[in-house]
Every structure is written in C-alpha cells, then in structure tokens.
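S.K.: Quick one: the structure is below, questions incoming.
The values are calculated or read from the model by the stated rules, or taken from the named source; none is laboratory data. Just so you know, these numbers come straight off a predicted model, no measurement behind them. Note that we place each Cβ from the backbone using ideal geometry, even for glycine, and neighbour counts take in every protein chain shown. Remember, those area values only see protein heavy atoms, side chains included, never the ligands or the DNA or RNA. Shrake-Rupley method; radii C 1.70, N 1.55, O 1.52, S 1.80 Å.
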Amino acid sequence: MMQEFDYDLQSIQAVRDLARKGQVAANQIANYSVEQIDRILRAMVEVAEKNAEKLAQMAVEETTFGNVHDKVYKNHMASGLLYEQIKDKKTIGVIDVDEKNQVITIAEPVGLVMGIVPSTNPTSTVLYKSMIAIKSRNAIVFSPHPKAAKCTNLAIKLMNDAAVAAGAPENVIQGISMATIVATNELMHAPEVKMIIATGGPGMVKAAYSSGKPALGVGAGNSPSYIERTADVRRAVHQIVASKTFDNGTICASEQSVICETCNRDEVIAEFKRQGGYFMSEEECAKVCKILFRNGHSMSPNFVGHAALDIARAAGISVPADTKILIGEQHGVGPEWPLSYEKLTTVLAFYTVADWHEACDLSIALLQNGIGHTMNIHTEDKEIVRKFSIKPASRILINTGGTQGGTGLTTGLEVALTLGCGTWGGSSVSENVGPQHLINTKRVVNGLVEPDEVAAKDETFAKWHPELAAQYGCASHADGGCGCPDTHREPAHETHDVGIEMPVGHGTSGISYSVGCNCCGGQTVTQEDLQHSNDTIDAAELKKMVNELVAAFRGE
C-alpha cells in the first residue's frame, strides 16, 4: 500500500521538483542569442494579448478585486506595451564597449528567478515578470497567491507554452500548483533559485529579503497628492479620479491622500463632487473605516479593489449613484486617523493646509507609512517642484495620476508592475524594475599601465606627494603635468569607429593606446616604443577581440 503524505509535505516535494527543472531550463536558455530571445518574447506577447480579456475576467471572478475593463489593459501593459519598451534593450552578450579605458561589458543571466505574485495583479504580474526574465535569459518559477491561484497558473501555462513553442527550453516558466506557505518558503530557500522578485504584502517581501538570496522587493505605497494653489484644479481632480478608480485602486502607486490649501479648498471640493467624489460625514467615515480595516490600519482583503458603491453599501451609508470615490476628511496622521494609511481601493483621505510649508510637513508624515514609494504634485510653480523633489519617495510625479504615472504609462518611467522604494522603504532598488535588474554584468579589461609603474604614471600622486613621487621617477609630474604639451592631448569626446556591431556608450573619447602616462593621446609612438610595450592594443586589435567575444557568445 502506497504511503500517503501530508499536503504540506507533498507541496514541498513538488517545489523541489520545480526548482530542479527550472535550473535545467535556466542553464539551457543562458546560451540563447538575441534573435532567439526576441522570437520567444514575440510569441509570448501574441498569446498574452489574445488571452488578455479571459485572464482579466478570471482574475476578477476569483479574487473579487478590481474590474475586468482595467485588468485587460494591465495585461496589455505587461506584455505588448512592455515588449515595445524592452525589445531593444541590451541584455545579452557584449552590451557596452569603453574604447578609451579598454573595458568590454558583458551581460550574463542570473539563473533561476523566483517570482512572487500578488492577488491584486495576479495575471499581469506573471506576464510582466515572465517577459523581463526571458529578456535577460533567465528561467522563472512563480509562487501564486492562494486567493488567485487558478488565474495565475493559467497565465503561467500560457506563457510557458508560448515560449516553448517558439524554441525556449521546457519548464522555462513554471508555477507552484500546490500553493501553501511552506511551499513558498521552500522555494525561497531552494539552492537552485538565484534571485527573488517579491511583489506582495510586507510580510512576504520581508520573508524574501530574509531568505539569504538576492531579492528585488517593494514596500507599501501611501502616496499623497498635493494640489498646490497654482494647479489647474479641474485637471488635477480628473487625473486623481482616473488614477484612483483604475482597477479600483489596486495599484500601489495610486493616490491615498489628497492635500489642498485653504485658498483652493472650496474649488477642490466642488470639483471632486462634480467628478464623482463623495465627501463622507464623520459618522459615515467611521462606518467605512470599521469595515475597511482590521487590527488597526491593516486593510481587510474583503474590500481591496472594490467599487465605491459596493463599499458604501456594505458600510450602510447612502451615496449618489454616480459616486466613484469615497472621501474622508482627516485632521492628523497615525492610528487615530486610519485613512492616513494605504488603501488599495476607491477611498481617499482629504487634508487642508495653509500653505506649501504645511503641505511639506504633512507629506513627509504621510510618506512615513509608505516611505520611498511615490508622491505626486499638481502645480504650475517650478519652485514648488524643486522644493518637493527632496521628499523621501522614489517617484515624484508632476501633474499626472499616481497609478499611470508611477507605472510608466503616462510618464517617461519604465513600464513596470514592481516599483522599487529604495533604502527608504527597505528595498534594494529604487527604480521601476526591468530586465536590466536581472542580469550580472562582467567586465573584460585590458591592462593600461605596468603594475610596478602605477605610481610613476599617476599625476595625482605627484601632485599630493611630490617628494615621494620623485622616488618613483615621475618628478616631472609634480608641476601638475606629465611633461607633454597640451597640443598633444586627445580631444575629450572624439569617438573613433572601431567597426563593431555593439553599442559604444558613455560618449567616451577615441581609443589611442600610447605608452607613457596614457593621458597623451596625440603623442607619436615610435616602433621602438611598440616593441617594448607588450600591453599595447590598437583599435584593430580591440575590434578583433570584441568580434571574437561576440562570436563566442553567439555560439559561432
């Protein structure tokens, strides 16, 4: 008779199997070319776009969070739109050549990546993380949220099937089918997993950072939106409403509080009412907070991503049929004012201040509960922008909605669903996460100076230590130079074409591998010099070296 194992034990074994298969796939895809990866990505995009509506419907049905209309766009954003942004990014092989310093930068994959999927974005997160993982030649294995396991696992299957059909290794995109806490923990600590991308609640993100693995995690958002006195109020309110109602407020960059000034308070309130905002009385606000939060200011999952009308109905308050957002006036920050915390739903806190000084202090207080994430300002005053740019937030958005601006839909930020909060929020990254964060970069460098001649060739050493410099045989440097006429110096930003099909970045100067102190690019080098300088490499030699490296990485 076959021995039966507990479900938890079965899930642990299943995860170990996933990790082993993922490692095999990671080893295989690590050798793929740019062309192979692009073909796979295009196949994934096609399948994602064809199934965008189906996945959105499943996500809403399974989680009750958000709405189908906006989740369809989220799925498009995480596939088709993301592809257009990352398709030309250099993430494979030689990605940069610094001719002057003779440094070749090469991108290598990190290996098997673990992706944690939140219930608020259960399908779009899979599409997004799969795309950036494959773009950087990694395999990925997901840990779905138990509340959204069905739709998440379908998204995983669709992406993996599309990738494999286009030539990717088997099991390049996988997910935990037996979703348990112990399974997720086992995967975090699996030796095959080399990096974790953690998107989810604070507990899950903390666990990822505590796993001993490199992790890209994000903190909570609690974005204040300041409508400064010079702002176009109608436009500002329109952007805030469009942002806060997008997928019923499930994006962590969405506005959580609105700050206006005494001088424009009446106009702001009137405009919110005109555009679907309902200002609750103190009694109504208390009723909403009672169902919205549990254990203080921890939000109840029962009302994450719900429409304002549904929340009002559940709280037992009557609101107009066209209500889009519930707004509660607050007079402080902290446990006594629960709306001062993050609310991933269609509810906003509302504050009035005397001037920008008070707005500044209030913004900092609010950001302490979502530090490092996002803040937005509506203003026509550039000086105000300058003053608020020092706030502890990784994204300072000007005259746009938090949801669309923070995720890169209406701004120049990179399109992303994982938004780093920097060290303010306990995150290892402060940027919108992309494929460039899922690569190792190594540098192939050529020696420019003989090891025993470093001090002799160092002008700064001669400047600061002239007496010692003389002992190294570089007394001529003590005068602030190397004894070479200025007319011999190479122009700082002249670039020579070395004939390679790779980016030559940083606007570096042309290559000139002279003997001597390496600052005299124009100095004539004699044949005798060349014969005595074994470390000298000219442009033709560097071109040959780079071409050989490129060919090697392409498997040619």
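S.K.: Please state which one of THR374, THR379, THR403, THR345 is open to solvent by less than 10 Å² (accessible area, probe 1.4 Å), among the β-branched types (Val, Ile, Thr) and more than 18 Å from GLY249 (Cα to Cα).
M.R.: Values: THR374 fails: more than 18 Å from GLY249 (Cα to Cα); THR403 fails: more than 18 Å from GLY249 (Cα to Cα); THR345 fails: more than 18 Å from GLY249 (Cα to Cα).
Exactly one of THR374, THR379, THR403, THR345 is open to solvent by less than 10 Å² (accessible area, probe 1.4 Å), among the β-branched types (Val, Ile, Thr) and more than 18 Å from GLY249 (Cα to Cα), namely THR379.
S.K.: Find the residue count for the range 252-270, including only residues that are under 34 Å from the mean Cα position of the chain (by Cα) and open to solvent by 10 Å² or more (accessible area, probe 1.4 Å).
M.R.: Of the residues in the range 252-270, the ones under 34 Å from the mean Cα position of the chain (by Cα) are 252-261, 268.
Those still in the list that are open to solvent by 10 Å² or more (accessible area, probe 1.4 Å) too: 252.
Going through the range 252-270 one residue at a time, the tally reaches 1.
S.K.: Only one of (1) acidic (Asp, Glu); (2) more than 26 Å from the chain's Cα centre (by Cα); (3) closer than 21 Å to THR441 by Cβ is not met by GLU62, so which one is it?
M.R.: Unmet for GLU62, out of (1) acidic (Asp, Glu); (2) more than 26 Å from the chain's Cα centre (by Cα); (3) closer than 21 Å to THR441 by Cβ: (3).
Results for (1) of a type in the set (A, V, I, L, M); (2) part of a helix (DSSP H, G or I); (3) surrounded by 15 or more Cβ atoms within 10 Å (Cβ to Cβ), shown as yes or no for each residue.
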| site | (1), (2), (3) |
| --- | --- |
| THR411 | no, no, yes |
| SER430 | no, no, yes |
| ARG443 | no, no, no |
| GLY447 | no, no, no |
| ALA455 | yes, no, yes |
| ALA462 | yes, yes, yes |
| GLU467 | no, yes, no |
| ALA470 | yes, yes, no |
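S.K.: Any idea which residue in the range 29-42 is nearest to ASN171 (Cα to Cα), counting only those that are among the hydrophobic types (A, V, I, L, M, F, W, C) and open to solvent by 20 Å² or more (accessible area, probe 1.4 Å)? Step through it out loud before you land on a result.
M.R.: Initial filter on the range 29-42 (among the hydrophobic types (A, V, I, L, M, F, W, C)): 29-30, 34, 37, 40-41.
The next check asks that each one be open to solvent by 20 Å² or more (accessible area, probe 1.4 Å); those that pass are 30, 34.
Numbers: ALA30: 14, VAL34: 20 Å.
The qualifying residue nearest to ASN171 (Cα to Cα) is ALA30.
Table: residues versus (1) touching a Lys or Arg at 6+ places or on another chain (Cβ under 8 Å); (2) under 17 Å from MET188 (Cα atoms).
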residue	(1), (2)
SER119	yes, no
THR123	yes, no
ILE134	no, no
ARG137	no, no
ILE140	yes, yes
SER143	no, yes
PRO146	no, yes
ASN153	no, no
MET159	no, no
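S.K.: Looking at MET188, MET195, which one is out of contact with any Leu (no Cβ under 6 Å at 6 or more places or on another chain), of a type in the set (A, V, I, L, M) and within 22 Å of THR91 (Cα to Cα)?
M.R.: Details: MET188 fails: within 22 Å of THR91 (Cα to Cα).
Only one candidate passes the filter, namely MET195.
S.K.: Here's something else I'd like to know. Are there any helices (runs of 4 or more DSSP H) wholly within the range 112-228 with 3 or more residues that are within 20 Å of the chain's Cα centre (by Cα), and if so which?
M.R.: Numbers: elements: 124-135, 149-165, 181-188, 202-209.
Answer list for the range 112-228: 124-135, 202-209.
Yes or no, residue by residue, for (1) surrounded by fewer than 24 Cβ atoms within 10 Å (Cβ to Cβ); (2) under 24 Å from ARG42 (Cα atoms); (3) of a type in the set (Gly, Ala, Ser):
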site	(1), (2), (3)
SER177	yes, no, yes
HIS189	yes, no, no
THR199	no, no, no
MET204	yes, no, no
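S.K.: Would you point out which residue out of ALA165, ALA208, ALA179, ALA198 is farther than 24 Å from ILE439 by Cα and modelled with pLDDT under 95? So that I can check it myself, show each step before the final result.
M.R.: Details: ALA165 fails: modelled with pLDDT under 95; ALA208 fails: farther than 24 Å from ILE439 by Cα; ALA198 fails: farther than 24 Å from ILE439 by Cα.
Only one candidate passes the filter, namely ALA179.
S.K.: Can you find even one residue in the range 6-28 that is touching a helix residue (DSSP H, G or I) at 6+ places or on another chain (Cβ under 6 Å) and open to solvent by 40 Å² or more (accessible area, probe 1.4 Å)?
M.R.: Restricting attention to the range 6-28, the residues satisfying the condition of being touching a helix residue (DSSP H, G or I) at 6+ places or on another chain (Cβ under 6 Å) are 8, 11-12, 15.
Next, from what is left, pick out any that are open to solvent by 40 Å² or more (accessible area, probe 1.4 Å): 8.
Within the range 6-28, one or more residues are touching a helix residue (DSSP H, G or I) at 6+ places or on another chain (Cβ under 6 Å) and open to solvent by 40 Å² or more (accessible area, probe 1.4 Å).
S.K.: Keeping to the range 300-328, report how many residues are in a helix (DSSP H, G or I) and of a type outside the set (Phe, Trp, Tyr). Working first, answer last.
M.R.: Taking the range 300-328 and keeping what is in a helix (DSSP H, G or I), we get 301-303, 308-315.
Narrowing further to those that are of a type outside the set (Phe, Trp, Tyr): 301-302, 308-315.
Looking only at that region, the number is 10.
S.K.: To continue, here is another question. So which residues in the range 52-97 are open to solvent by less than 10 Å² (accessible area, probe 1.4 Å) and in a strand (DSSP E or B)?
M.R.: Result: GLY93, VAL94, VAL97.
S.K.: Before we move on, is ALA359 among the aliphatic types (A, V, I, L, M), open to solvent by 10 Å² or more (accessible area, probe 1.4 Å) and closer than 28 Å to CYS285 by Cβ? Talk me through it step by step, then tell me what you get.
M.R.: Details: among the aliphatic types (A, V, I, L, M): yes; open to solvent by 10 Å² or more (accessible area, probe 1.4 Å): no; closer than 28 Å to CYS285 by Cβ: yes.
In short, no.
S.K.: Which of (1) part of a helix (DSSP H, G or I); (2) closer than 27 Å to GLN368 by Cβ is the odd one out, the single condition VAL258 does not satisfy?
M.R.: (1)
S.K.: For the range 403-435, enumerate the residues that are at pLDDT below 95 and more than 8 Å from the chain's Cα centre (by Cα).
M.R.: CYS421, GLY422, THR423, TRP424, GLY425, GLY426, SER427, SER428 - these are the residues of the range 403-435 that are at pLDDT below 95 and more than 8 Å from the chain's Cα centre (by Cα).
S.K.: When the residues of the range 98-119 are filtered to those that are among the aliphatic types (A, V, I, L, M) and farther than 26 Å from CYS252 by Cβ, which remaining residue is most open to solvent (accessible area, probe 1.4 Å)?
M.R.: To start, the set of residues in the range 98-119 that are among the aliphatic types (A, V, I, L, M) comprises 103-104, 106-107, 110, 112-114, 116-117.
From what's left, farther than 26 Å from CYS252 by Cβ: 103-104, 106-107, 112.
On the way: VAL103: 33, ILE104: 2, ILE106: 2, ALA107: 0, LEU112: 1 Å².
Ranking the qualifying residues of the range 98-119, first place goes to VAL103.
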